[in-house]
Amino acid sequence: MSDPVKRKTLLDMRKLHDSGEKIAMLTCYDASFAALLESAGVDSLLVGDSLGMVVQGRDLPIAVTLDDMVYHTTCVARASRAAFIVSDMPFGSSQISPQDTFANAARLLAAGAQMVKIEGGVEMAPTIEFLSNRGIPVCAHVGLTPQSANVFGGFRVQGRSPEDAERILASTKALESAGAHILLMEGVPRVLADTVCKSVKIPTIGIGASPACSGQVLVVYDALDISPGRKARFVRNFMNGASTVQAAVSAYVSAVKDGSFPAAEHCY
Ligand code: KIV
């Protein structure tokens, strides 16, 4: 009889962080990709609200609903057996009372997520504390948070000025103190990401941040060069030199694990 596959947990993410082995995460929105990505060695699947752009064809993730996220989380969880599953709380589902946010997050956990991701800074600390004290682990997403693109005036790198960098750094410390279990940094200068990595103890996941992060994530359609149009600086096309999608994903996992991705050219 073959060994049953054991699903990775938050504890496994913590162990990877503590041992210095990088965490390889990719976004995932459906069953076929879930099976393929984890068979290629991806540690964690992020059911990201980037599905609003790459699946639904929108310009922003703002219109993605909680029902959409529950549906895609269910599709991913049904086909996945080993990866640690994180689901995004879409715009409007967490910028409310902690109690209502808990009820929304509970729907994602019931759909198969093991952790929810919440965008925002220090203002989200009370909500994150409420959730993590009641059994819902939270990944706090700071920096270029796409749900705030209307405030930023587009998808713009955050934390470039000393004041902005200080604000983001202070937020990361507050979110860790509030009980966030993982910190995701997107679109921030490398020097700021390096400082954050030194100042928090929880695992950090980077996208357009720094190779010093405990792990990396990319939108899978970007990594496989499926998304049309101009790519962000932090994207690398892993289909280059790969003869199959599986080989490209394995190349991504290897490059994250051996520290060759992201390179300096992928950082700000
Ligand atoms: O929604 C998403 O895919 C994300 C990643 C880009 C981090 O939040």
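Derivation of every value follows stated rules applied to the coordinates shown; laboratory data play no part. Here the structure is a predicted model, which means the values were calculated and not measured. For neighbour counting, all protein chains shown are included, and Cβ atoms are generated from backbone atoms with ideal geometry for every residue, glycine included.
Tabulated data for the structure shown
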{"quantity": "Whole-Hz couplings from phi, Karplus 6.51/-1.76/1.60, listed for the stretch 128-139; x for Gly and Pro", "calculated": "5, 5, 4, 5, 5, 6, 10, x, 10, x, 10, 9"}
{"quantity": "Cα-Cα separations in the stretch 120-188 greater than 19 Å, expressed as whole percent", "calculated": "32"}
{"quantity": "For q = 0.14 Å⁻¹, Debye-computed log10 I/I(0) when each Cα of the stretch 3-89 counts as one equal scatterer", "calculated": "-0.49"}
{"quantity": "Where labels lie 7 Å past Cα in the beta-carbon direction, separation of Asn237 and Ala63 in nm", "calculated": "2.9"}
{"quantity": "GNM flexibility winner over the chain from Ala106, Ala255, Ala242 (Cα, springs under 10 Å)", "calculated": "Ala242"}
{"quantity": "Distance (nanometres) between label positions extended 7 Å along Cα→Cβ at Ser161 and Ile96", "calculated": "3.4"}
{"quantity": "Sum of -39500 (n - 2.57) over DSSP H runs of 4+, divided by residues of the chain (222 nm, nearest 500)", "calculated": "-11500 deg cm²/dmol"}
{"quantity": "Net +/- balance of residues flanking Asp68 in space, Cβ distance below 12 Å, scoring K and R +1, D and E -1", "calculated": "-1"}
{"quantity": "Qualifying lysines (Cα of each under 17 Å from Cα of Lys231; at least 8 residues distant if same chain)", "calculated": "none"}
{"quantity": "Leading residue at positive end of dipole, the chain (Cβ point charges), from Phe84, Thr27, Gly41", "calculated": "Gly41"}
{"quantity": "Largest-first ellipsoid semi-axes for the stretch 1-159, taking √(5λ) over the Cα gyration tensor eigenvalues, angstrom", "calculated": "25, 18, 16"}
{"quantity": "Relative contact order for the chain, counting Cα pairs under 8 Å that sit 6 or more residues apart, in percent", "calculated": "18"}
{"quantity": "Furthest towards positive pole of dipole, Leu10, Leu60, Ala113, structure part the chain, Cβ charges", "calculated": "Leu10"}
{"quantity": "Reciprocal of mean inverse Cα separation for the stretch 155-268 (Kirkwood radius, Å)", "calculated": "14.8"}
{"quantity": "Straight-distance crosslink candidates among lysines, where the alpha carbon sits under 17 Å from Lys201 and sequence neighbours closer than 8 are dropped", "calculated": "Lys15, Lys22, Lys173"}
{"quantity": "√(5λ) per eigenvalue of the Cα gyration tensor, the chain, largest first, Å", "calculated": "24, 22, 19"}
{"quantity": "For the chain, built as a Gaussian network whose Cα springs stay under 10 Å, the top-fluctuating residue of Ser94, Ser50, Ser161", "calculated": "Ser161"}
{"quantity": "Estimated FRET transfer efficiency when R0 is 35 angstrom, pair Ala247-Val191 (beta carbons, to 0.05)", "calculated": "0.55"}
{"quantity": "For Phe84, residues with placed amide H under 5 Å, excluding near neighbours", "calculated": "Lys8, Ser44, Leu45"}
{"quantity": "Residue-wise HN-Hα coupling along the stretch 191-196, computed from phi with Karplus coefficients 6.51, -1.76, 1.60 (Hz; x: Gly, Pro)", "calculated": "5, 5, 4, 4, 5, 4"}
{"quantity": "Cα-centre dipole for the chain with unit charges at Cβ (Lys and Arg positive, Asp and Glu negative), debye to 20", "calculated": "360"}
